[in-house]
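Heads up: the structure comes next, in structure tokens.
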Amino acid sequence: RGVSLQSFNNNNNNNKSLTFVELETLMRLAFKEGLILKDVVTTTTSSGRNSSKKKRLKKSSRIKTPYRFAHDRIREAARASIPAGEERDLFLLGISMVLLERAGFLDEYHNNNNNTGNDDTSAASSINKEQEQQMNWMLFSAAGHLNALPRSMTDDILVAHLNLAVGKLASNKGAFDEALVYFQAALERLPTDPKLRWSKKHHYIFTLDLMNNLTETARSLGDFDGCMTHAQQIFAHAHCLEDKFRAQTVYIAVNFEADREGTLWIDRGLEILALHGMSRIPSDPSIGNVLQEVLKLKMTLGRKSLLCLTEYPVATDPTLLARISITKVFLINALLAKQDFLIAILAHRMVVAALKHKVVFMELPVAVCVLQFILWKLEQWKASFSYTTTVSKLVDRFPEAREENEMLEARVGLLHGSLYAHTMYRDSIEGYLELNRALIGRGEADTGLGVALAAVLAFFIASLPLNALIENKIMLLEEMASTFNRKTFFVSFQIYRQFLYNLTGRGSGVRTDGSHTTLNGDAFREEESLERCDADNIQDICAHRLMLAVYFDDQPAMEKMLERFEEYEVDVMYIERQNIRLSYVGIASMILRKKNKKKHNKWAMIALKFWGKMAKAGSVNAQPIHVCLEALYKPSIAAYDKAIRVCGDARLTNLVALMSERCALWMLEFQLLGEKTVERCSALPASEPPSGGDQYKDYLIQAMWSYHSWGAMAKVTQLADRFEFLGAAVHDKPVSNRSSELAKAARIGVPRARMSQISNQPSSDFMSTS
């Protein structure tokens, strides 16, 4: 208090100001009473080689003795002891000025002459992370004090610049609610007359920066009306097209988010693209328009491949960069809206622009990812894999942008492309969650929640343990979707959590119909929620109910879900949804073929051919599904054993359990029906039936332990209730890793000399997972 009063009132002979000697005396007394603590910090600095030892010691012994309150309550009591009114206001004002001076804000503010609007204090150089955090704390504290003081005591322009700087810091950390408060406080300090607020004399650049931040923050919080209001002010008062650029990108995104089902956002986006020099694009393009763009790309490319893009220099033309940046925003919205023809036109034009100008830009990898997406829909897998290499090299051209969490959409596309080729789903989860944090922190709620959705689906596909960790993660994502007012994502996460409860048997609620294949429980009730579900939610319901029907062997539910799926196209944008749908549609169709060959054989063949093509192209995620479908299509002990082995090597415990169970059920059916089973499976030789009557029990025990290892305790209970002999096996000790590897070695014929090597390697056998 003494320092602040003395520094602020040094021109006045104020009796309340203390000398530093008196202040130090009072600080010692407070220290003895335990009201404050004193931290002794020794900082060492290096000196030249020619310096004497005494000089070096003197340089390395700079002692700092900062004081701090022993408790926040003591600080609050000390502040409350100052009489409310002018005295306390002067105290807070003095403290604020000391904090701003120590943080370096005042020097920067005066050096900028209040005209540049460049008040980003986070760009300070030569400071470490701890110092940056301390400076940020000083700025936040000063802003809180100054905003609480009467305006007559403060400089409006200074406080406005401070609120803008602090709001940016809050926004960069993802605290958009707090950021909006600071931005609005800055706006209140500006003149109310728009002519004065937007004139160069009264800080035009600062006002433009503030309004852009208000627009972006309002969009991040889902306040579309406020966002549109701020954007319209920028359009009305900005001096040139370049100054409207940030507001235009947000304007396109908000129009899309406010009316996803309509086409008004397309018309408005095309109008803005036309302002930036983009040649005309029809609002409702046809396949003919797409073919024209494909032809232009082929003619521009000539005999070169897209890899030639990686050799071009980085673009610097601001006009081109502005047009491309807005095109990318429009392209992302078209992807989310599944406007396939519009997507293709925009992506081709971005690539053609790069080829014509012989430059690359940060948005280019997104365009190439979209071209790859088009090849996925056409099932041209080998060609799409080469595009993954191009995207990877283009991303590497901008290492600084990667470090600063830019090019996030390109990294999402790159991760998607790698899943089609060489990346296992379990290896993509951490990447998805990292991208989710970065996108949410940047305010990209739709894309951020989209990659979070992909992470949860990848978790289920990878057969990772169904435990409380994934349950808590899904609940956090539900809360995130609710915060950003994204109903579709919120419902999808509820569906995934209920699917988890159905498999694990957890949750305090009891399903009304007692079935494990209906999504009615604590997290989600299908009958009550169908009215608020859109097409993506309904497909999620169908997919996860179909998965449950396959695991719990509920054939009527399988038929019902297959009939529902016929109304919807396969979602290619989310590779995880495509994987789940085509995998379990194929498995269910194979199981049901005996009931209606013509009806179910179509889907069975589609799935078998799809996964066969992907496996042939080299996809690591396709091979386990393909061998499972082959085993169901042409059942035999050898086919099932191969499927179990391949899925075990891929650590897909769920498919190991499912194939073990289906093999046991097939063997039981063979014993009961005899030659009829041979007639149904024409590829099964008559000499192949199991010789022993109890061999199916081994497969059921293996299935039960695999389900147990996965965490599907409801399925374990179902098996134990269905087969009495499993009741005693539930509590048996699992087979050890050693005996499991010995059994595996004997099965595949490994020489005895290599047994010690095998036993020391990580086990991939499905029994060892238990």
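The values are calculated or read from the model by the stated rules, or taken from the named source; none is laboratory data. None of these values were measured; they are calculated from a predicted model. Cβ: placed from backbone, ideal geometry, glycine included. Neighbour counts: every protein chain shown. Ligands, DNA and RNA are stripped out before the accessible areas are found, and what is left, the full protein with its side chains, is counted by its heavy atoms. Shrake-Rupley method; radii C 1.70, N 1.55, O 1.52, S 1.80 Å.
Selection of segment 584-602 for residues being open to solvent by less than 10 Å² (accessible area, probe 1.4 Å) and modelled with pLDDT under 75 yields an empty set. Could you tell me whether any residue of segment 355-376 is open to solvent by 20 Å² or more (accessible area, probe 1.4 Å), at pLDDT below 80 and not charged (D, E, K, R)? The answer is no, given that none of the residues of segment 355-376 is open to solvent by 20 Å² or more (accessible area, probe 1.4 Å), at pLDDT below 80 and not charged (D, E, K, R). Within segment 388-409, is even one residue touching a residue at least 12 places away in the same chain (Cβ under 8 Å), closer than 25 Å to residue 650 by Cβ and buried (at least 19 other Cβ atoms within 10 Å of the Cβ)? Yes, segment 388-409 contains at least one residue that is touching a residue at least 12 places away in the same chain (Cβ under 8 Å), closer than 25 Å to residue 650 by Cβ and buried (at least 19 other Cβ atoms within 10 Å of the Cβ).
Here is a check on your reading of the model: is residue 466 modelled with pLDDT of 90 or more and either within 24 Å of residue 554 (Cβ to Cβ) or surrounded by fewer than 18 Cβ atoms within 10 Å (Cβ to Cβ) (or both)? Taking the combined requirement at face value, the residue satisfies it. Here the condition is being within 18 Å of residue 160 (Cα to Cα) and either in contact (Cβ under 8 Å) with a residue 40 or more places away in the chain or open to solvent by less than 20 Å² (accessible area, probe 1.4 Å) (or both); of 172, 212, it holds for 212 alone. Set side by side, the residues 239, 230 differ, and just one is touching a residue at least 12 places away in the same chain (Cβ under 8 Å), in a loop (DSSP other than H, G, I, E, B) and open to solvent by 20 Å² or more (accessible area, probe 1.4 Å), which is 239.
Give the residue, chosen from 257, 293, 271, that is of a type in the set (Asp, Glu), outside any loop (DSSP other than H, G, I, E, B) and open to solvent by 80 Å² or more (accessible area, probe 1.4 Å).
271
Among the criteria (1) touching a residue at least 40 places away in the same chain (Cβ under 8 Å); (2) at negative phi, the one residue 553 does not fulfil is (2). Filtering segment 152-169 to residues that are open to solvent by 10 Å² or more (accessible area, probe 1.4 Å) and either closer than 16 Å to residue 218 by Cβ or not in a helix (DSSP H, G or I) (or both) leaves 154, 155, 168. Within the set 669, 675, the sole residue that is under 20 Å from residue 588 (Cβ atoms), open to solvent by 20 Å² or more (accessible area, probe 1.4 Å) and at pLDDT below 90 turns out to be 669. Considering segment 337-370 alone, what residues qualify as being touching a residue at least 60 places away in the same chain (Cβ under 8 Å) and in a helix (DSSP H, G or I)? Listed by number, the residues that qualify are 337, 342, 345, 346, 349, 368.
Mind checking whether some residue in segment 308-330 is part of a helix (DSSP H, G or I), among the aliphatic types (A, V, I, L, M) and within 18 Å of residue 390 (Cα to Cα)? Taking every residue of segment 308-330 in turn, at least one turns out to be part of a helix (DSSP H, G or I), among the aliphatic types (A, V, I, L, M) and within 18 Å of residue 390 (Cα to Cα). Limited to segment 192-207, what total is found for residues that are open to solvent by less than 40 Å² (accessible area, probe 1.4 Å), touching a helix residue (DSSP H, G or I) at 6+ places or on another chain (Cβ under 6 Å) and not polar (S, T, N, Q)? Count: 2. Restricting to segment 439-453, what's the tally of residues that are over 8 Å from the mean Cα position of the chain (by Cα) and in a helix (DSSP H, G or I)? Residues that pass the stated criteria total 3. Restricting attention to segment 538-558, does a residue exist that is surrounded by fewer than 16 Cβ atoms within 10 Å (Cβ to Cβ), closer than 30 Å to residue 609 by Cα and at pLDDT 85 or above? Yes, the conditions are met somewhere in segment 538-558.
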